[in-house]
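Chemist: Once you've had a glance at the structure underneath, I'll fire off some questions.
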Amino acid sequence: MDLLTNVMHGFVVALDPHNLLYCFLGVLAGTLIGVLPGLGPLAAIAFLLPVTFYIPVVPSLIMLAGIYYGAMYGGSTTSILVNIPGEAASVVTCLDGYQMALQGRAGPALGISAIGSFIAGSIGVVILMLLAPPLARFALSFGPAEFASLLLLAMIVVAYIGSGETIKALMIGTLGLALGTIGTDQISGFPRFDLGIRDLQDGIGVVPVAIGVFGISEVLVNVEALERKDVVRTSLRGIFPSMQDYRDSALPILRGTLVGFLVGILPGGSHIVSSFLSYGIEKKVSRHPEKFGHGAIEGVAGPESANNAATSAAFVPLLSLGIPSNAVMALMLGALLIHGVIPGPKLISEQPTLFWGVIGSMYVGNAMLLALNLPLVGLWVQVLRVPYRILLPLIIIFCLVGVYCINGSHFEMFLTILFGVFGYVMRKLDYDIAPLIMGVIIGPMFETAFRQALLLSKGSFSIFVTRPISACLLGVVFVLLAKTAIFKAGKGLNIFKKHKD
Amino acid sequence: MERACRTRWTMCLTILVLAFTLGGGTTLVFSAEKYPEKPVNAIIGYAAGGAPDLIFRPLAEIAQKHLGAPIVILNKAGGGGVSGSLEVAKARPDGYTLLMNFGGGEHLLFPHLEKPPFDTLADFEPVIMLSYYPSGLFVKADSPWKSLEEFTEYAKKKPGELRYSHPGAASMVNLATVTYQKMAGIRLSAIPTGGGAPAMNMLLGGHVEAAQLGVPVAWPQVEGGQIRCLAYSLPKRAEMYPGSPTYVEKGFDIRFAVNQGIAAPKGTPKEIIQKLHDAFARAFQDKEFQEVLGKLKFTPNYLNTEDTAKYIKEMFQYYGEVVKKFGITLEK
């Protein structure tokens with residue numbers, strides 16, 4: 001069978017010692033970069049891009065791809081251990097992963113995260129291999145109207161993810177949306193709410209907010225707790241996930257893979273959106289939604305799988321149509337061009353060695369990452385044994401340096417600290433901080449997509465319902481809202497009945 | 001150690017770290033004769049992974065061998081290149097801070113639309129000019145318009161109906177379409193996006209009828225047969241972009257290009273500028289770099305220090321005239 005021959009060919013290429021070495025270097029570098037908060041695969045790939053000029057195109061792409069999905073594996077490590085997202089997409093893993101660590105279950109959390117990532121990455125590669133061209137065309141048909149509807153759905157789902165009172169989650173989410181409006185408006189080019197500060201003209205980036213609100217605030221909370229002697233650090237209860245953990249995580253991993261892959265193929269689709277969506281879905285379908293936010297392993301398994309599936313999915317538009325769906329893919333595109341490979345619909349047929357070799361290497365890379373990360377779990381959990389008086393200042397250093405590495409901006413470091421203090425205050429007042437991140441990210445994306453859609457339709461709102469995909473998504477939104485409304489109304493009626501009796 | 005003492009220690013350490021990082025570092029003064037004595041910071045005013053990275057990172061790799069000191073590329077994104085430019089404008093003129101992607105829209109076009117925090121002509125010492133790229137109007141390969149004339153005809157008959165995507169309101173790329181519309185007396189509906197890739201995706205997905213894109217972003221799709229170039233903004237046809245006409249030969253005097261040059265802060269000593277120029281010029285001539293330019297579809301355009309200064313001044317005035325003549329403002 002043709003497909004089988006191609007896959008075999010791909011493995012032959014991937015297992016070539018030369019390529020294996022580059023794959024290993026890539027995934028190793030990726031993991032380490034993922035672990036460091038702030039620094040992401042984009043900066044690493046940009047930095048290593050000139051190195052790839054001196055090596056042929058197949059190992060180049062294998063290495064760069066390895067960095068990319070490796071970073072997704074590593075990003076969850078600090079999220080779970082110290083509540084700092086190593087990668088913007090790992091923010092969601094902080095919610096339940098860190099709670100699990102506080103309960104002494106850091107090992108299972110890290111383990112399930114690695115296993116889920118492996119399964120999602122592998123399934124993602126299979127789908128990439130089988131369905132790349134039609135999926136890419138589907139992705140292209142996702143225009144602004146569809147995006148706006150998808151993001152609206154994401155926002156509704158996010159309202160469910162808070163573990164505290166809904167009204168508080170909505171307040172924080174709205175604040176996030178408001179913060180997201182700061183900066184130069186993409187559509188009109190006008191600066192908004194920048195208070196005359198030039199550094200605010202590009203808006204408040206998600207990285208300073210995420211690292212500040214999760215990482216720095218966590219440090220502050222712990223410093224206060226140390227003072228009051230109420231740090232409870234349960235001793236380690238086992239390094240590996242239990243059978244129960246595996247059973248609980250199986251479906252979330254599969255669902256997360258699906259969600260992650262679908263959102264990941266969209267140009268502009270973001271890893272964070274896919275992991276948040278996965279979290280929301282897991283919470284919605286769970287029989288024990290109250291466990292979320294307090295160490296539910298489903299809340300780690302789903303999102304971690306989602307963001308790895310999204311990574312595999314990001315290659316779909318690039319390899320099948322030559323379209324980069326995000327900045328990392330744009331760099332890969334650059335790498336391809338520099339090596340004289342013209343990405344486009346003919347890439348698969350004209351460069352089979354490249355296409356199937358990269359696919360083969362993604363299997364191999366995922367396996368390498370699993371082999372790298374699982375034993376490392378034992379090492380990582382030792383980090384938790386470091387006394388807080390040493391660990392906390394180190395965390396602050398890593399966070400601030402990580403933020404600085406992105407744009408060399410002192411202002412962003414200042415923002416990180418500011419949001420850290422803000423996050424601390426919010427936690428003292430019992431507010432959920434996760435919706436803030438969602439607001440900051442989704443707000444601007446939704447607004448741009450919504451306005452672009454209206455520009456395309458020349459002002460007519462019908463575009464959102466006449467385009468089929470958008471109509472479907474809006475239908476789901478409607479159903480979700482209707483269910484909640486009916487449920488609440490029902491409760492209201494019941495209360496009346498009770499009082500009458 | 002006693003509990004309270006230990007926590008206070010932690011807090012102190014925390015505060016110290018915070019203070020230290022916020023304080024920032026200081027630079028020492030180095031002399032011009034022994035330049036370069038330490039690594040040179042080359043600032044790109046765009047986020048990592050953008051088109052400038054693809055050109056300047058390889059260039060820096062090669063140039064540092066000729067310069068004799070590491071050239072460290074730093075991405076300082078913000079304001080569409082303005083933040084990075086401002087940082088260099090304010091830096092010490094000691095040759096250890098350089099601005100890459102000098103000569104882009106933020107230096108030549110933007111100042112005529114809104115007052116920037118730097119002065120393109122007064123705050124920078126040009127070092128060298130390396131290349132440029134034009135922007136072009138693209139349609140899908142299966143669209144009914146085979147030439148710019150047909151497109152213009154249709155647009156005249158149905159004003160406002162044709163939609164085009166572009167990378168951003170204040171970009172050089174968009175300026176080409178805005179001017180084209182004013183020259184041709186037509187009205188197209190503009191759909192702004194956040195960059196070349198999103199704009200191209202919109203065209204490929206059939207959401208818009210045309211797209212104005214930087215040619216390097218679009219060319220792989222042209223070669224792949226997905227899209228067609230109706231015209232691009234160079235004074236005359238370039239070998240690099242075969243099979244497509246220029247705006248000029250279609251009767252529209254549109255000659256906008258985004259330049260890739262290097263500049264240092266004003267006041268940098270002439271000897272240092274000369275050393276920098278020589279290092280980058282030799283890197284430019286390197287076969288591998290020329291290949292990179294060719295593959296990425298950037299048109300090579302080497303100019304030495306003096307000529308770069310003249311070129312920048314000319315272009316600055318040119319864009320000023322275009323803006324005035326067509327009454328172009330940011331609101332469009």
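Chemist: Could you tell me which residue of region A:57-75 is surrounded by the fewest Cβ atoms within 10 Å (Cβ to Cβ), considering only residues that are more than 14 Å from every other protein chain (Cβ to nearest Cβ) and among the aliphatic types (A, V, I, L, M)?
Modeler: Per the criteria, the residue is A:Val58.
Chemist: Next question, about the same structure. Go through B:Glu223, B:Glu239 for me and flag whichever is under 25 Å from B:Gly195 (Cα atoms) and without any contact (Cβ under 8 Å) to a residue 60 or more places away in the chain.
Modeler: Values: B:Glu239 fails: under 25 Å from B:Gly195 (Cα atoms).
Going through B:Glu223, B:Glu239 in turn, the sole match is B:Glu223.
Chemist: For region A:382-404, name all the residues that are surrounded by 21 or more Cβ atoms within 10 Å (Cβ to Cβ) and more than 7 Å from every other protein chain (Cβ to nearest Cβ).
Modeler: Hits for region A:382-404 are A:Ile395, A:Phe398, A:Cys399, A:Gly402, A:Val403.
Chemist: Next question, about the same structure. Which ones in region B:243-257 are closer than 14 Å to B:Leu148 by Cβ and either within 13 Å of another protein chain (Cβ to nearest Cβ) or among the basic types (Lys, Arg) (or both)?
Modeler: The one that is closer than 14 Å to B:Leu148 by Cβ and either within 13 Å of another protein chain (Cβ to nearest Cβ) or among the basic types (Lys, Arg) (or both): B:Lys250.
Chemist: Search region A:321-343 for residues that are farther than 18 Å from A:Ala136 by Cα and pair each with any residue that is among the basic types (Lys, Arg) and surrounded by fewer than 24 Cβ atoms within 10 Å (Cβ to Cβ) when their beta-carbon atoms are under 7 Å apart and the residues are at least 6 apart or on different chains.
Modeler: If the second residue must be among the basic types (Lys, Arg) and surrounded by fewer than 24 Cβ atoms within 10 Å (Cβ to Cβ), the pairs left are A:Leu337/B:Lys295; A:Ile338/B:Lys295; A:Gly340/B:Lys295.
Chemist: Looking only at residues that are modelled with pLDDT of 90 or more, part of a loop (DSSP other than H, G, I, E, B) and of a type outside the set (Lys, Arg) in region B:248-268, which one is surrounded by the most Cβ atoms within 10 Å (Cβ to Cβ)?
Modeler: Taking the candidates together, the pick is B:Thr268.
Chemist: Kindly provide the set of residues from region A:193-214 that are small (Gly, Ala, Ser) and modelled with pLDDT of 85 or more, ordered by number.
Modeler: Looking only at region A:193-214, we keep the residues that are small (Gly, Ala, Ser), and these are A:196, A:203, A:205, A:210, A:212.
Of everything in region A:193-214, those that are small (Gly, Ala, Ser) and modelled with pLDDT of 85 or more turn out to be A:Ala210, A:Gly212.
Chemist: Oh, and also: Answer with yes or no whether A:Val221 is more than 12 Å from chain B (Cβ to nearest Cβ), surrounded by fewer than 21 Cβ atoms within 10 Å (Cβ to Cβ), modelled with pLDDT of 85 or more and under 30 Å from B:Cys12 (Cβ atoms).
Modeler: Yes.
Chemist: Report yes if some residue within region A:256-273 is free of Cβ contacts under 8 Å to residues at least 60 places away in the same chain and either more than 26 Å from A:Val207 (Cβ to Cβ) or surrounded by fewer than 17 Cβ atoms within 10 Å (Cβ to Cβ) (or both); otherwise report no.
Modeler: The answer is yes; a qualifying residue exists.
Chemist: A follow-up question, please. Of all residues in region B:150-167, count the ones that are surrounded by 15 or more Cβ atoms within 10 Å (Cβ to Cβ) and assigned to a helix (DSSP H, G or I).
Modeler: Adding up the residues that qualify gives 4.
Chemist: Being of a type in the set (Phe, Trp, Tyr) and away from every other protein chain (no Cβ under 14 Å) is true for just one of A:Tyr22, A:Tyr54. Which residue is that? Spell out the reasoning first.
Modeler: Details: A:Tyr54 fails: away from every other protein chain (no Cβ under 14 Å).
A:Tyr22 is the lone residue from the list that is of a type in the set (Phe, Trp, Tyr) and away from every other protein chain (no Cβ under 14 Å).
Chemist: Being of a type in the set (Gly, Ala, Ser) and either in contact with a strand residue (DSSP E or B) (Cβ under 8 Å, 6 or more places away or on another chain) or within 12 Å of chain A (Cβ to nearest Cβ) (or both) is the filter here; which residues of region B:137-183 pass it? I'd like the intermediate steps shown before the answer.
Modeler: Looking only at region B:137-183, we keep the residues that are of a type in the set (Gly, Ala, Ser), and these are B:141, B:143, B:147, B:155, B:160, B:165, B:168-171, B:176.
Answer for region B:137-183, where residues must be of a type in the set (Gly, Ala, Ser) and either in contact with a strand residue (DSSP E or B) (Cβ under 8 Å, 6 or more places away or on another chain) or within 12 Å of chain A (Cβ to nearest Cβ) (or both): B:Ala141, B:Ser143, B:Ser147, B:Gly160, B:Ser165, B:Gly168, B:Ala169, B:Ala170, B:Ser171, B:Ala176.
Chemist: Oh, and also: Do we find a residue being closer than 29 Å to A:Gly340 by Cβ and of a type outside the set (S, T, N, Q) anywhere in region A:71-88? Steps first, please.
Modeler: Narrowing region A:71-88 to residues closer than 29 Å to A:Gly340 by Cβ: A:71.
Next, from what is left, pick out any that are of a type outside the set (S, T, N, Q): A:71.
For region A:71-88, residues closer than 29 Å to A:Gly340 by Cβ and of a type outside the set (S, T, N, Q): present.
Chemist: Under 18 Å from the mean Cα position of the chain (by Cα) and within 14 Å of chain A (Cβ to nearest Cβ), is that true of B:Leu293?
Modeler: Yes, satisfied.
Chemist: Of everything in region B:207-222 that's touching a Lys or Arg at 6+ places or on another chain (Cβ under 7 Å) and not in a helix (DSSP H, G or I), which residue is surrounded by the most Cβ atoms within 10 Å (Cβ to Cβ)?
Modeler: Filtering region B:207-222 for residues that are touching a Lys or Arg at 6+ places or on another chain (Cβ under 7 Å) and not in a helix (DSSP H, G or I), the one surrounded by the most Cβ atoms within 10 Å (Cβ to Cβ) comes out as B:Val208.
Chemist: Where residues in region B:78-126 are outside any loop (DSSP other than H, G, I, E, B) and among the polar types (S, T, N, Q), which of them is farthest from A:His410 (Cα to Cα)?
Modeler: B:Asn101
Chemist: Residues that are over 30 Å from A:Asp2 (Cα atoms) and within 14 Å of chain B (Cβ to nearest Cβ), at least 3 per element: which helices (runs of 4 or more DSSP H) completely within region A:292-376 meet that?
Modeler: Of the helices (runs of 4 or more DSSP H) lying wholly inside region A:292-376, those with at least 3 residues that are over 30 Å from A:Asp2 (Cα atoms) and within 14 Å of chain B (Cβ to nearest Cβ) span A:327-338.
Chemist: Could you tell me which of the residues B:Gly136, B:Gly194, B:Gly160 is under 27 Å from the mean Cα position of the chain (by Cα), among the small types (Gly, Ala, Ser) and modelled with pLDDT under 90?
Modeler: After applying the criteria, what remains is B:Gly194.
Chemist: Give region A:436-477 a look and list any residue that's over 23 Å from A:Thr181 (Cα atoms), among the hydrophobic types (A, V, I, L, M, F, W, C) and within 14 Å of chain B (Cβ to nearest Cβ), or say none.
Modeler: Correct list: A:Ile463, A:Ile469.
Chemist: Something else now. Just to be sure I understand, how many residues within region B:66-77 are assigned to a loop (DSSP other than H, G, I, E, B) and farther than 18 Å from A:Glu412 by Cα?
Modeler: 3
Chemist: Quick check on region A:449-476: of everything there that is assigned to a helix (DSSP H, G or I) and among the polar types (S, T, N, Q), which residue is surrounded by the most Cβ atoms within 10 Å (Cβ to Cβ)?
Modeler: Among those residues, the one meeting the criterion is A:Gln452.
Chemist: Restricting to region B:224-242, name every residue that is at the interface with chain A (Cβ under 9 Å from one of its Cβ atoms) and surrounded by 17 or more Cβ atoms within 10 Å (Cβ to Cβ).
Modeler: If the condition is that a residue be at the interface with chain A (Cβ under 9 Å from one of its Cβ atoms) and surrounded by 17 or more Cβ atoms within 10 Å (Cβ to Cβ), then B:Gly224, B:Gln226 are the ones that fit.
Chemist: Need a quick list: helices (runs of 4 or more DSSP H) entirely within region B:270-332 having at least 3 residues that are closer than 28 Å to B:Val222 by Cα.
Modeler: B:287-296
Chemist: On to the next question. Quickly run through region B:91-114 and pick out the residues that are within 12 Å of chain A (Cβ to nearest Cβ) and surrounded by fewer than 20 Cβ atoms within 10 Å (Cβ to Cβ).
Modeler: Result: B:Leu113, B:Glu114.
Chemist: To continue, here is another question. Which of the residues belonging to region A:178-192 are assigned to a loop (DSSP other than H, G, I, E, B) and at pLDDT below 85?
Modeler: A:Asp185, A:Gln186, A:Ile187, A:Ser188, A:Gly189, A:Phe190
Chemist: Could you please let me know if B:Ile43 is in contact with a Lys or Arg (Cβ under 7 Å, 6 or more places away or on another chain) and under 22 Å from A:His410 (Cα atoms)?
Modeler: So B:Ile43 passes the test.
The values are calculated or read from the model by the stated rules, or taken from the named source; none is laboratory data. Note that the structure is predicted; figures quoted are calculated from it, not measured. Here Cβ is always computed from backbone atoms with ideal geometry, including for glycine, and neighbour counts include all displayed protein chains.
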